Amino acid sequence: MDSAWKELKKNVGLIEKVVASSNKEKLTRVFRTTAHIRRELTSIELTRAIQEILAEDNEARATLLQFLALIPPEAEQDFDMNAGEDDPTVNEVEKDANVHMERSELIEVEVYLSLLVIALLLKSQLGQDAQRLADQVRGRCAQFNRRTLDIFAARVMTYFAYAFERYGDGITAIRPLLLEAHRTACLRCDEIGQATLLNLLLRNYLHENLYDQAYKLVSKTTFPEAVSNNQFVRYLYYVGKVHAVQLEYSDSYTKLMQSIRKAPQNTAVGFRRTVYKLAIIVQLLMGEVPERSIFNQPELKTALAPYLQLTNAVRVGNLEDFTAVLAQHAEGFKADKTHTLILRLRHNVIKTGLRKINTSYSKILFSDICAKLALDTPQNAEFVCAKAIRDGVIDAVIDHKHGWMQSKETIDVYATTEPQQAFHKRITFCLDVHNEAVKAMRYPPGAYKKDLESAEERLEREKQEDELAKEIEEELDEGL
């Protein structure tokens, strides 16, 4: 409790310093501790903070206090704010927490406190009230064109979209507002706003299964990568999902793997779980088998169990097992929104089975292929084999007169271009990893100060230079 109160005061002071110096890059420090403040700060403490920080004539103060009054009191909030003031054993943190803050008239401080109130309303399941407050704060931010306000306005739009998506009448209604806000952010060169709103728009389109509109949005816009790693990771996931639906599996898999590598490894387990589910399906659609180590990760093992069964069915090429897994976990696949992509895997299962049959048999009847692949009729098996031969999946010849498929002799793989393509693919992957690592390099803060001299050293150097100059002048005078 006291630590959250102390961090809140530090953040308000930091916001004021940053606005005074116009150094907006340091505002990211404010949100590093905001998650802790959001979890620990109670409605009573937040009410006190608003009363002490915002001026009495500030319109936002009355509004925020009105919304805070809607939050039902909790048992752990029933405490005396002045308890312990007369106790000689009170620690320094508690003493510091009882110091009153100075009044602030900055719009950044006002919006920052509004974000804490919105988060508390959402935590208390007051979604409609959080939606109304977020809408009011969004309109308030639109009245200013300040670069120091951009990061706060982006967070407000995130809360607004989340509250509307979860508690509103429909997510479609806010799409014009998001498009208008994104256009304004582009005109104002608001990079964090562009990144946030672009992700919100993609989420909006994907929520309604409007993949064509999402694909056009991605192709017509540019994402500012250097703004926020968290926003860039989300963007990669959304773009990977769009490419997967558009049958661009290679691009989709590349984006999804970049998203997994850039995501926080110690946290964001739910996000990585979602990305892995989609990446596994895309890799199977590419004709590749995911590594077993992916399914053995402790935090992903349970969630990816149905996808492991699906992978085994596709790897073996057993259509009956594939159908059984699909029927058993259909509800889970629909909840993950991967059911449509999984239905495409049926052709891959058939192709895998045909490859094994082509390798094992030099000549086989269509009736036997029908039995092995669990197809309806021998005629369907003949059509499937003909399509596989035309696509280059297998190398065989169909004998329509006798009703069988005859495999050709196996060609040495090393005599083809397949090894070269695999080698080129690995080289490209390594070069991409190297380029991303170079882009991610950061110099430690204050490293340049090691080469700078101190004030005493500078004075000593100047003194020596003056003495040397005087000696040179005296030598010149003597010479004349």
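The values are calculated or read from the model by the stated rules, or taken from the named source; none is laboratory data. Everything numeric here is computed off the predicted structure, so don't read it as measured data. A quick note on method: Cβ atoms are made from the backbone with ideal geometry, for glycine too, and the neighbour counts reach across all protein chains shown. Accessible surface areas use protein heavy atoms only, side chains included; no ligands, DNA or RNA. Shrake-Rupley method; radii C 1.70, N 1.55, O 1.52, S 1.80 Å.
The set of residues in the stretch 324-366 that are under 28 Å from H207 (Cα atoms) and either touching a residue at least 40 places away in the same chain (Cβ under 8 Å) or buried (at least 19 other Cβ atoms within 10 Å of the Cβ) (or both) comprises V325, L326, H329, F333, D336, T338, T340, L341, I342, R344, L345, N348.
V227: open to solvent by 40 Å² or more (accessible area, probe 1.4 Å), over 12 Å from the mean Cα position of the chain (by Cα) and closer than 17 Å to E436 by Cα, yes or no? Judged against the criteria, V227 is a match. Here M286 meets each of (1) under 30 Å from A422 (Cβ atoms); (2) open to solvent by less than 30 Å² (accessible area, probe 1.4 Å); (3) at pLDDT below 85 with one exception, condition (2). State all residues of the stretch 1-25 that are within 19 Å of E110 (Cβ to Cβ) and of a type in the set (D, E, K, R); if no residue qualifies, say none. Of everything in the stretch 1-25, those that are within 19 Å of E110 (Cβ to Cβ) and of a type in the set (D, E, K, R) turn out to be E7, K9, K10, E16, K17, K24.
How about the stretch 263-297: which of its residues are of a type in the set (F, W, Y) and either more than 26 Å from R355 (Cα to Cα) or assigned to a loop (DSSP other than H, G, I, E, B) (or both)? If the condition is that a residue be of a type in the set (F, W, Y) and either more than 26 Å from R355 (Cα to Cα) or assigned to a loop (DSSP other than H, G, I, E, B) (or both), then F271, Y276 are the ones that fit. Does at least one position in the stretch 159-173 carry a residue that is among the acidic types (D, E) and within 19 Å of V242 (Cα to Cα)? No, because not a single residue in the stretch 159-173 is among the acidic types (D, E) and within 19 Å of V242 (Cα to Cα).
Being over 30 Å from N23 (Cβ atoms), open to solvent by 10 Å² or more (accessible area, probe 1.4 Å), touching a residue at least 60 places away in the same chain (Cβ under 8 Å) and among the acidic types (D, E) narrows it down to one residue among D135, D212, D150, D129; which is it? Step through it out loud before you land on a result.
Values: D135 fails: touching a residue at least 60 places away in the same chain (Cβ under 8 Å); D212 fails: touching a residue at least 60 places away in the same chain (Cβ under 8 Å); D150 fails: over 30 Å from N23 (Cβ atoms).
Only one candidate qualifies: D129.
When the stretch 5-17 is limited to residues that are of a type outside the set (V, I, T) and closer than 19 Å to L65 by Cα, the one that is surrounded by the most Cβ atoms within 10 Å (Cβ to Cβ) turns out to be L8.
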